[in-house]
Structures are given as structure tokens and as C-alpha cells.
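To keep things clear, I will list the structure first and then write my remarks on it.
Quick note: the coordinates plus some simple rules give every number you see, no bench work behind them. Note that the structure is a prediction, hence the values are computed from the model and not measured. Don't worry about glycine lacking a Cβ; one is built from the backbone with ideal geometry, like all the others, and counts go over all protein chains shown.
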Amino acid sequence: MRFYNALVFLPERGFVHGGFDVEEGRFAAVFTDEREGEVDLGGACVIPGLVDIHTHGAAGADFSDGSAEGLRRMAAHLARCGVTSFAPTSMTLPYETLAKAFATAVGLAGEQPKGCARVMGVHMEGPYFSEKKKGAQNGAYLKAPDIEGFRALYEGCGGLVRIVDLAPELPGAADFTAKAKELCTVSVAHTDAGYDEARAVFEAGARHLTHLYNAMPGVHHRKPGPIGAASEREDIAAELICDGLHIHPSAVRMAFRLFPGRICLISDSLRCCGMPDGEYELGGQQVFLAGGVARLADGTIAGAASDLYADMRNAVAFGIPREEAILAATIRPAREIGRESEIGSIEPGKRADFVVCGEDLARRAVYIGGEKV
């Protein structure tokens with residue numbers, strides 16, 4: 001099927017007038033001349049389906065529940081929002097609870113039901129974190145990096161874990177990183193590490209920074225910490241929550257300057273995403289959603305209630321160039337989970353996942369595998 005008369009977003013060129021062919025659920029050709037076909041897009045913009053590599057839940061479901069039905073409901077909600085691929089993200093919990101959740105991800109990834117975002121990996125956020133910077137993670141289940149335990153979880157889900165997080169100051173962090181990097185992306189997170197501790201883990205092979213600014217020391221001119229250590233390395237990508245609540249717009253703009261071409265927008269969404277104000281649960285803890293802000297009982301911000309598509313539009317509203325925001329929500333996160341050959345851009349051979357939108361990125365239609373959601 002041919003889609004034509006559109007402004008198609010291409011990674012190296014930005015928006016170009018043209019269209020594309022879809023065959024058997026994949027882009028078969030992309031053209032930048034005048035052609036006609038079956039679907040006239042009326043001059044609308046077309047961007048790749050978004051890729052959320054850090055989302056805990058949505059639509060009342062949480063990945064860590066280990067519910068296949070809940071994960072499917074979450075995937076359907078994300079698809080409607082324009083997020084066509086995702087890495088469901090776990091919390092700090094016992095290994096057996098994580099294994100159960102990971103099994104549901106394997107099941108949905110194999111099934112790939114129509115109308116649902118694709119499971120393209122798992123993001124293991126915890127339990128290898130600092131008590132001081134645990135944030136909304138459950139302190140009862142924190143532990144030091146454990147390569148054998150991690151390897152068992154990794155192999156148990158067939159290698160679907162694509163990102164594993166840890167705090168660099170914990171005993172054995174650098175050794176864990178050197179071994180785990182052979183399996184997946186290692187990310188620095190929920191840490192009170194200083195510059196030298198963080199640098200040691202980056203030198204051991206970590207190349208990702210989970211939710212930049214949040215649950216880590218800020219930058220001080222004499223104590224640059226993990227942000228300083230990461231920003232000076234061109235092989236480190238940094239996640240950024242752009243819901244307008246976690247991070248001030250000025251700090252969002254600063255992040256894109258500190259990590260040029262290396263920011264990945266994420267949602268960090270919870271089960272309350274897409275739900276009304278009220279009381280919810282996260283990793284065995286109560287979460288209260290009010291006015292779009294999710295907090296623990298002690299007032300700690302617990303995660304986000306917005307989706308990645310909304311966050312991408314927020315980034316543009318905060319002054320990030322439109323094309324840069326799109327890249328940060330599509331091909332870059334796909335690259336961080338090793339799926340850039342499958343998703344993240346409109347190119348021949350890749351999955352035909354895309355969003356039809358206005359110039360302001362207001363969503364009009366979502367397609368997965370060339371079929372309208």
C-alpha cells in the first residue's frame with residue numbers, strides 16, 4: 001500500500017515532501033517525489049512511531065504486577081498515544097517478582113497483538129540502587145549488584161532485558177558493569193555517586209544515564225558528580241522526563257546542550273497515566289495522583305502521569321527544535337535498546353510504525369505495521 005502527499009520525517013533530512021510504500025507490515029520504499037497511491041495524507045506530517053524505553057505502567061496497569069492482561073492494556077494505551085514500541089520498566093522488587101513480570105513481556109513480544117505497542121525490550125530499574133537516592137523505589141528490596149542473579153533473570157527471559165540500572169558507589173559496581181555490558185546497556189541511576197565513582201563505571205562500560213537530574217546529585221562546580229562524568233563522554237546517552245513537573249524547562253534546554261545529540265526522552269509513566277486523580281500503587285507503596293502529579297505519602301515525586309508523545313510536544317514548547325525532539329523520542333531510544341535496525345525511523349525494511357500529525361505534532365492517526373490503530 002502506498003501512502004503519499006505527506007511531509008515525511010527522515011533522520012538526516014528532516015521533513016521532506018513525499019511518501020512511502022508499506023508491504024507486509026514494513027516500509028518497502030520511501031520516496032521524495034510526486035507520486036499517487038492508495039492513501040492520500042493531504043500534506044500532513046508523518047513521524048516515526050515513538051519509542052519509550054522507560055515506562056512502568058499506564059491505564060491502571062503496572063508492568064511489575066506480572067499480569068499479562070495488564071501489560072496488554074498498557075500496550076494498547078501507549079499505541080493510542082503514538083508510542084508504538086516500548087521497553088516495559090520494572091521496579092526494585094524481589095527476583096522472583098521480576099522474573100514473573102519479565103515472562104509477561106516475553107509473551108506479549110511474541111504475540112504482538114494488533115492495536116498494541118510492540119514490546120522491544122525490558123528496562124530493569126533496580127534493585128541495585130543507593131538507599132539515599134532510592135526515590136520511589138522500595139528500600140526493602142535494595143541490594144548490591146549481583147551478576148549471577150542478573151544473568152539468571154536475563155537468560156530466563158531470553159535476553160529481553162535491554163537496559164539494567166545501577167548506582168556506581170555500590171560494592172562491585174564496576175565489575176558488574178564490565179560483565180553486564182556484554183549482555184545489554186548498563187545505566188547509572190538512583191545514585192549518590194561522586195564524579196570519580198561514576199567515571200569508573202562509565203570506563204567499565206556503562207553508557208546510559210537514567211532520568212537525568214532525578215535521583216542523583218546535582219552539578220556543583222567542585223562536585224560535578226555523575227552528570228559531569230557522563231556529559232564529557234560522547235558515548236553516554238541520557239534519559240530526560242519532559243512532563244513539565246520533574247524538570248524545569250530551563251533545565252530541559254540545558255540538558256540538550258550538555259548532551260548534544262544524546263538525549264532520549266522518556267515518560268517514566270506509572271499506572272496512573274491516563275487515569276483520574278486518586279490513589280494507586282507502585283512497588284508495594286501508595287501513590288497519590290493529584291493535579292497531574294504522582295507522589296508517595298511522604299511527598300516524594302513517584303514518577304509521571306503523562307505519556308511520551310505529550311512529553312515530546314512539551315519539549316518543543318520548552319524551546320527544543322521540533323526535529324531534535326522527534327529524534328530524542330524515536331531513533332535514539334531505539335538505539336539504546338539495540339533495536340535501531342527494526343524501529344525508530346521511516347526507512348526501507350523497518351517496521352511500518354508511524355504517526356500522522358499536524359505541523360505542531362498534534363496527533364491525527366497512529367499506524368502500527370501499516371495498519372491504523
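Things to note:
- Cβ-derived FRET efficiency at R0 56 Å, H17 paired with Y95, nearest 0.05: 0.60
- Acute angle (nearest 10 degrees) that the helix 195-204 long axis makes with the longest principal axis of the chain, alpha-carbon atoms: 60 degrees
- Net dipole in debye of segment 50-343 [+1 Lys, Arg Cβ; -1 Asp, Glu Cβ; about Cα centre; nearest 20]: 520 debye
- Each of K179, K132 was scored by other Cβ atoms within 10 Å of its Cβ. Arranged with the fewest first, they read K132, K179.
- Residues in segment 242-251 carry Karplus couplings, in order, of 10, 8, x, 10, 5, 9, 5, x, 5, 5 Hz; the curve used is 6.51 cos²θ - 1.76 cosθ + 1.60 with θ = phi - 60°, and Gly or Pro positions show x.
- Across segment 196-318, the mean sequence separation of Cα contacts (distance under 8 Å, 6 or more residues apart), normalised by length, yields a relative contact order of 21 percent.
- GNM top mover of H248, H220, H17 - the chain, alpha-carbon springs below 10 Å: H220
- Relative contact order [Cα under 8 Å, 6+ residues apart], the chain, whole percent: 20 percent
- Length added when fully stretched, D40-A362, from 0.36 nm per residue minus Cα-Cα: 114.1 nm
- The lysine pair tally for the chain, using Cα distances under 18 Å and a gap of 8 or more places or different chains, is 9.
- Cut-off under 5 Å, modelled amide H: who pairs with V161 long-range: V122
- Percent of C-alpha pairs per 10 Å bin, segment 125-237, short to long: 16, 50, 29, 4, 0
- Percent of beta bridges antiparallel (DSSP, the chain, rounded to nearest 5): 55 percent
- Choice from A140, A189, A87 showing the highest fluctuation, given a GNM over the chain with Cα pairs closer than 10 Å: A140
- Globularity ratio of segment 1-101, using Cα Rg and 2.2 N^0.38 Å: 1.44
- Residues whose amide H falls under 5 Å from that of S269, counting only those 5 or more places apart or on a different chain, are H56, G57, A304, with hydrogens built in the peptide plane.
- Cβ crowding within 10 Å ranks C242, C81, C45 as C45, C81, C242, fewest other Cβ atoms first.
- Exposure proxy shown here: for L361, L245, the number of other Cβ atoms within 10 Å sets the order, fewest to most, as L245, L361.
- Estimated vicinal HN-Hα couplings, Hz - segment 279-294 in sequence order (Karplus 6.51, -1.76, 1.60; Gly, Pro = x): 9, 9, 10, 8, x, x, 10, 6, 10, 10, 9, 8, x, x, 10, 9
- Positive dipole terminus of the chain, leading residue within A61, A229, A178 (C-beta point charges): A229
- Along the axis of the charge dipole computed for segment 50-343 (Cβ charges of +1 for Lys and Arg, -1 for Asp and Glu, origin at the Cα centre), the listed residues T300, P168, G274 are led at the positive end by G274.
- Gain upon complete extension [E131, E182; 0.36 nm per residue less C-alpha separation]: 15.7 nm
- At R0 = 25 Å, FRET efficiency that the Cβ-Cβ distance of D196 and A297 yields, to 0.05: 0.10
- Karplus-derived 3J(HN,Hα), 6.51/-1.76/1.60, for each residue of segment 332-348, Hz, glycine and proline x: 5, x, 4, 5, 5, 9, x, 10, 5, 7, 10, 9, x, 7, 8, 9, x
- Dividing the Cα radius of gyration of segment 237-283 by its Kirkwood radius returns 1.09 for Rg/Rh.
- Each of (i) 33, 22, 20; (ii) 65, 28, 16; (iii) 85, 36, 15 is a candidate for semi-axes √(5λ) of the Cα gyration tensor in Å; the one calculated from this structure is (i).
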